[in-house]
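For reference, the structure is listed below as structure tokens.
Where a number appears in this text, it was derived from the coordinates with a stated rule and is not lab data. Quick caveat: nothing in here was measured; it's all calculated off a predicted structure. Note that we place each Cβ from the backbone using ideal geometry, even for glycine, and neighbour counts take in every protein chain shown.
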């Protein structure tokens, strides 16, 4: 447990309407009183405040632009998941943060505020009598009693708006044109959105994330590193894509195959498990419902599908079958897509059993499967071993 002292100007506590043990604490804190070192374990994004937008925000923070001391009215604040918030006096609270908890949204704001503290103090020391003192506040929204498994969902939900805005701006900059061209004429083109408020099953971020699973530039098959970020953070993958779209465009010749494989693996995995004598019992990483799920990239429907934490490592394992010509950069499947599908049929049962073992070892939590780097490596080795054995047998 880590403890932090919070001097506050105002504080309010609200019960949660759904979870009886969950509370929402709203605290208004002077920026110069923010404690350093707040953890950010649930936050899905790396922070980078050395960018134009954050430099602009800092100017408002230092009263260099706009109406003085209005930062708290222009910024949505910082959201934190914590173990408890304990009142010490009318103007002081203690924040208790357990492992795995911390800033879930607003980490950029927090870093900017911490960075500005010494500047604010120095500017206030040197100001003349006619200058308004810098007296900036930030809203802290602290959630306590949150079930641990909800933290990733909360983080994803709070960070989605910024991601979607970035996606829409990137679309205006024509960063996704090659993807649109490749999807043109497919029956599922309308299922992929590229701007805010388009009603579709997937959006451009989803396509980029799926492509990242087969990104042999950042994750070569001869290295022990795997695209876990694709499951952990859409924002990080989108930022990587926007920094170098050409890296992903090398996958264009096999993009439709990748999308097809995405649906086949998700849809067929549960049946493959049963067909190969998989251990009976409810698989927590398989979803089901009475009405069928739609798998648009395969143009099929089914009553079962893998959750993302199980699907992504399984799908990424077939990155082994991607080869790139070092001279031309052209990407193709080793042996063709029919060979990839045959390999899936061969190893599906083994991959499902490995996923079930990982699930049981990690407390039957689907999110934990997707975070396990060892699991990603195990499945990748499974595909590689089977492919190498088959090729050795044909020599």
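Couple of notes before you dig in:
- Hull shadow area, averaged, the chain [alpha-carbon convex hull, nm²]: 24.1
- Degrees, to the nearest 10: 373-393 long Cα axis against longest axis of the chain: 20
- Area projected by the alpha carbon convex hull of region 73-140, averaged over all directions, nm²: 6.3
- Cα extents of region 1-147 along the three principal axes, largest first (Å): 50, 35, 27
- Rounded to the nearest 0.05, the FRET efficiency derived from the C-beta distance between residue 289 and residue 67 at R0 = 45 Å is 0.30.
- Between the Cα long axis of helix 107-126 and the first principal axis of the chain there is an angle of about 30°, rounded to the nearest 10.
- Spatial separation of Cα centroids for region 326-373 and region 169-241, in angstrom: 19
- Cβ-Cβ FRET estimate between residue 246 and residue 92, R0 fixed at 45 Å, reported to 0.05: 0.25
- Simple label model, 7 Å out from Cα along Cβ direction - residue 123 to residue 345, nm: 6.8
- Full extension of the chain between residue 177 and residue 334 yields a length gain of 53.8 nm, computed as 0.36 nm times the residue separation minus the alpha carbon distance.
- Potential lengthening between residue 114 and residue 12 on full extension [0.36 nm per residue; Cα-Cα distance subtracted]: 34.4 nm
- Highest to lowest packing among 326-333, 203-210, 363-370, scored as the average C-beta count within 10 Å: 203-210, 363-370, 326-333
- Label-to-label distance, residue 149 versus residue 223, with points set 7 angstrom from Cα along the beta-carbon direction: 3.5 nm.
- Separation of region 265-303 from region 81-117 is 42 Å, based on Cα centroids.
- Axis angle, to the nearest 10 degrees, between helix 234-243 and the longest C-alpha principal axis of the chain: 80 degrees.
- Gaussian network model of the chain, springs between alpha carbon atoms under 10 Å - residue of 302, 185, 106 with greatest fluctuation: 185
- Three semi-axes describe the equivalent ellipsoid of region 159-314; taken as square roots of 5 times the Cα gyration tensor eigenvalues and ordered largest first, they are 27, 19, 15 Å.
- Value in Å of the Kirkwood radius, where region 210-393 supplies the Cα pairs that are averaged: 16.8
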